[in-house]
Amino acid sequence: MTHPLSSCFCSCRVNRGGQAENSLFSLFRGSVHLWKIDRMLARYLPLLQCYGNFMGRTTIIARPLLASNFSTNGTTSQDANASAQSEGRREEQVSSSKEDDVKFKIFSAALPLVHQLGWTKECLEAGAESIGFSKSSHGIFEHGGTSFVQFFHRNCNKELRKIAKVEQIESAKSDELTKVHQLLEKRLQMILPYLPQWPQAMALMSRPHSSLDSYKLLYELADDICFFAGDRSLNATWYTKRAAVAGLYITGELSLVQDKSANCDESWQMLARRIEDLRKVEEFGGSCSRQQEILKDIAQSSLTLIRNLTGMQSYQRNSR
Amino acid sequence: MASLIRRTLLLRTFCRAKRFTCHSQYVHQESAGAERMSNSSKESNETHFGFQTVKESEKADKVYEVFEEVAQSYDKMNDAMSFGIHRLWKDIFVDRLAPSKPCKILDVAGGTGDIAFRIAKYLRNSDGGGITVCDINQAMLDVGRKRASELGFSGMEWLQGNAECLSSIADNTYDSYTIAFGIRNVTHIDKALKEAYRVLKPGGQFMCLEFSQVQNENLRWLYDQYSFQAIPVMGQLIAGQWKAYQYLVESIRQFPNQEEFAGMIERAGFAFVRHENLTFGVVAIHCGHKL
C-alpha cells in the first residue's frame, strides 16, 4: 500500500518515494484511519509544507520526517539541539572540542568510581582528581549527580547509534520489531554494570528540575531505535511508535533494577514477551485495517437505517 | 596605577539600572579604552568612578577611601539596602560553589568574611582551614578578622592584596576563586580575571557574584528609582555616607551586563562559562573553569 503522504513529500530528503508503508504498530494506524486523522494530514500537510518552504522553516513543519534524519548524521536531533540552546546559548557557541574532551575525560575517570561513590558530586571530584584536575572541576557538570547521569545517558545513546549503524547493514533482513528488540536489549545492557546504583540514577533523572532533560534524552533514544529499526513512517504512527519504544525502555529499566534472577534472565524474557505482545497487536491491527472498509459500510448503513426508522429521512421525500 | 579591588560594600543592594543613563559614558569609555591600547604611554588614562570619569591612577585610591569609610557599617547597610536578601544571594552563591574538603579556596575582595564564613560553614570546617581571604582594603580585613576570631575561625588566612596583581600567590594554587561584590570596583577587570586564571589549578572554578542588569524593564525602572532615590538617603542615615552609596549605585550601572561580563570571562581563558540570575538579575552568579 502506498501511503498518500509519500507523493506529497517527494521533495523531502528522507522520503523514500512510494515506499511501502511499514506495519509496525498498525493497531495505532488502524485507529488513526478510523478517526480520519491520517487523511486530514494528507490533505493539510502539503499546504503546511508549502508554507514551510516559503518561510524557510521546512524542518519544523516536516519535523517527524526530518528528526530521524538528524540522528543518522550522528549529530544531535532537533530536540537535543533545542535543549542545548536552553542550557545556554553561550555554552553552545563556545563549546569547543577541548571543552568536550575535558568533560568526557572527567566523566570517564569518574564512571568506574560510581560503584563506591554513587552518582554524586563526590564521585565526579574523585574522578577529576585521579586525572590531575582540581576537585572544583565537578562544577563542569552543572547539577552535580544529575548532570552526571544525563551525560551517561547521552553517551550511551551515542554508543547505541554507533552499534546500530553497524547492525543495520548486518541484519538488513530481519523485521522492524526484531530490530527494535535487539536495540532495546543492547541499550539496556549498557546500564547493567551500574545496576546496583541505578535506582539512584533513576531517582535523579525523575527529579522535577531534571525531568525535562530526561524526557528529551528518552525521546532521543526512542527516536534512534525507531529510525535504525527501519521506521520511515510519515503519519501519526511516527509518534505512537516512539511512545511505545520509550515505554518499553522504561519498563525494561524498572524490571532490571528489581531483577534478582541470574543474568537478569527474567527481565530479558519479560522484554521478549512485551515485543511478542506488540507483534500480536500489530497483526490484529493489520486485520482491523482490512476490515475497515467493511466496517465503515456497516456503520454507514446502520446510520441510514436508524435515520429511516426515526423518520429523519422523511424531509427528503417531502422535498421531492 | 594602582588598581584596587574594593569590596563592595554595601553595595549590594538591589539592583540594576537604567543603562541608557550611562550608555553615552560607556561609549566614551570604550573609545578611551581603545586609545589606551594604541598609546599606552599616554598619561591621562581615564576610567569611571561611578558616573564620574577619573584618571585610572586615582580610581583605586577613591575606591579605597569609600570602603575605609563604610567598613564599620558595611554589613548593617547591606541588610538595610537589600532587606536582608544579600544573605540569601550569598547562601546560593556558596551552594553553587559546592566546595568539598579538603580544598583550597581564595576569596578575593572578601574583606568582612561573609563568603569565607559561609564556605567554612558549608564545609563544616570548624577553623576555616584552606580558605584565604584577600582584600585590598586593610580596614575591611580588620573587620573580617575580628569577626573571624569571634566565630572561632582561626585557620583562615588573611591577605592584603590587589586582585589585579596577586604576586604573593604562586600559579596553580587554588581549587576555587570566589569574588563577591568586588570585581566591579577593580580598575582593570581583565587583569583581575587573568590573575584569577593564573592562581587556579587546572579544572579550578572561578565564581563571581556581582550586581547585574535587571532583565524586566518595568522592574528595572522600579529598581532604578529605589537605587537612586532611596539608597543614598539610607547611606546618609545609617552610615553617615551619602557619597559612598551614591558611588555604589552608580558603579552598579557602569558594570557590564550578564552577557558582556561572561564574554570577558571567556576572553580571560575560562571555559564552561555560564551565568545565573538571582532576583530578576539584580545580581548574577558567573562561573567558569580553567582547563
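The values are calculated or read from the model by the stated rules, or taken from the named source; none is laboratory data. Keep in mind that what you see is a predicted model, and the values were worked out from it rather than measured. Glycine gets a Cβ as well: all are built from the backbone with ideal geometry, and neighbour counts include every protein chain shown. Areas reflect the complete protein model, heavy atoms only, side chains present, ligands, DNA and RNA absent. Shrake-Rupley method; radii C 1.70, N 1.55, O 1.52, S 1.80 Å.
Observations on the structure shown:
- Inter-residue pairs, beta-carbon under 9 Å, first on the phi > 0 side of the Ramachandran plot and in segment B:143-159, second among the hydroxyl-bearing types (Ser, Thr, Tyr), 6+ apart: B:152/B:126
Residue-by-condition table, conditions (1) of a type outside the set (D, E, K, R); (2) open to solvent by 10 Å² or more (accessible area, probe 1.4 Å); (3) modelled with pLDDT of 85 or more:
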| site | (1), (2), (3) |
| --- | --- |
| A:108 | yes, yes, yes |
| A:132 | yes, yes, yes |
| A:135 | no, yes, yes |
| A:139 | yes, no, yes |
| A:154 | no, yes, yes |
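- Residue selected from segment B:141-183 under the condition more than 17 Å from the chain's Cα centre (by Cα) and among the polar types (S, T, N, Q), by the criterion modelled with the lowest pLDDT: B:154
- Here residue A:260 clears all of (1) at pLDDT below 90; (2) part of a helix (DSSP H, G or I); (3) open to solvent by 50 Å² or more (accessible area, probe 1.4 Å) except the condition numbered (2).
- The one condition from (1) within 26 Å of residue B:191 (Cα to Cα); (2) polar (S, T, N, Q); (3) open to solvent by less than 20 Å² (accessible area, probe 1.4 Å) that residue B:213 does not meet is (3).
- Residue count for segment B:272-284 under the criterion of being within 11 Å of another protein chain (Cβ to nearest Cβ) and either touching a Phe, Trp or Tyr at 6+ places or on another chain (Cβ under 9 Å) or buried (at least 20 other Cβ atoms within 10 Å of the Cβ) (or both): the result is 3.
- Selected residue [within 23 Å of residue B:227 (Cα to Cα) and open to solvent by less than 50 Å² (accessible area, probe 1.4 Å)] from B:100, B:82, B:176: B:82
- Members of segment B:224-282 found to be part of a loop (DSSP other than H, G, I, E, B), among the hydrophobic types (A, V, I, L, M, F, W, C) and farther than 21 Å from residue B:187 by Cβ, listed by number: B:282
- Residue in segment A:126-142 that is in contact with a Phe, Trp or Tyr (Cβ under 7 Å, 6 or more places away or on another chain), more than 21 Å from residue A:271 (Cβ to Cβ) and either within 11 Å of another protein chain (Cβ to nearest Cβ) or in a helix (DSSP H, G or I) (or both) present: yes
- Among the candidates A:184, A:160, A:192, residue that is crowded, with 17+ Cβ neighbours inside 10 Å and out of contact with any Gly (no Cβ under 7 Å at 6 or more places or on another chain): A:160
- Looking across segment B:108-129 at every residue that is in contact with an Asp or Glu (Cβ under 9 Å, 6 or more places away or on another chain) and within 14 Å of chain A (Cβ to nearest Cβ), the one that is surrounded by the most Cβ atoms within 10 Å (Cβ to Cβ) is identified as B:119.
- Scanning segment B:141-159 for residues that are of a type in the set (Gly, Ala, Ser) and surrounded by 14 or more Cβ atoms within 10 Å (Cβ to Cβ) returns B:144, B:148, B:155.
- Conditions (1) crowded, with 21+ Cβ neighbours inside 10 Å; (2) within 14 Å of chain A (Cβ to nearest Cβ); (3) assigned to a helix (DSSP H, G or I); number of the one not met by residue B:197: (1)
- Flag for residue A:252 being under 20 Å from residue A:160 (Cβ atoms) and either open to solvent by less than 20 Å² (accessible area, probe 1.4 Å) or among the basic types (Lys, Arg) (or both): yes
- Unique residue being touching a residue at least 60 places away in the same chain (Cβ under 8 Å), away from every other protein chain (no Cβ under 14 Å), under 22 Å from residue A:245 (Cα atoms) and not basic (Lys, Arg) when the list is A:159, A:167: A:167
- Meets criteria (within 14 Å of chain A (Cβ to nearest Cβ), of a type outside the set (A, V, I, L, M, F, W, C) and buried (at least 24 other Cβ atoms within 10 Å of the Cβ)) for residue B:258: no
- Residues of segment A:116-125 satisfying the condition of being more than 9 Å from every other protein chain (Cβ to nearest Cβ), touching a helix residue (DSSP H, G or I) at 6+ places or on another chain (Cβ under 7 Å) and either of a type in the set (Gly, Ala, Ser) or open to solvent by 10 Å² or more (accessible area, probe 1.4 Å) (or both): A:117, A:118, A:120
- Flag if residue B:267 is more than 14 Å from every other protein chain (Cβ to nearest Cβ), open to solvent by 10 Å² or more (accessible area, probe 1.4 Å) and more than 22 Å from residue B:110 (Cα to Cα): no
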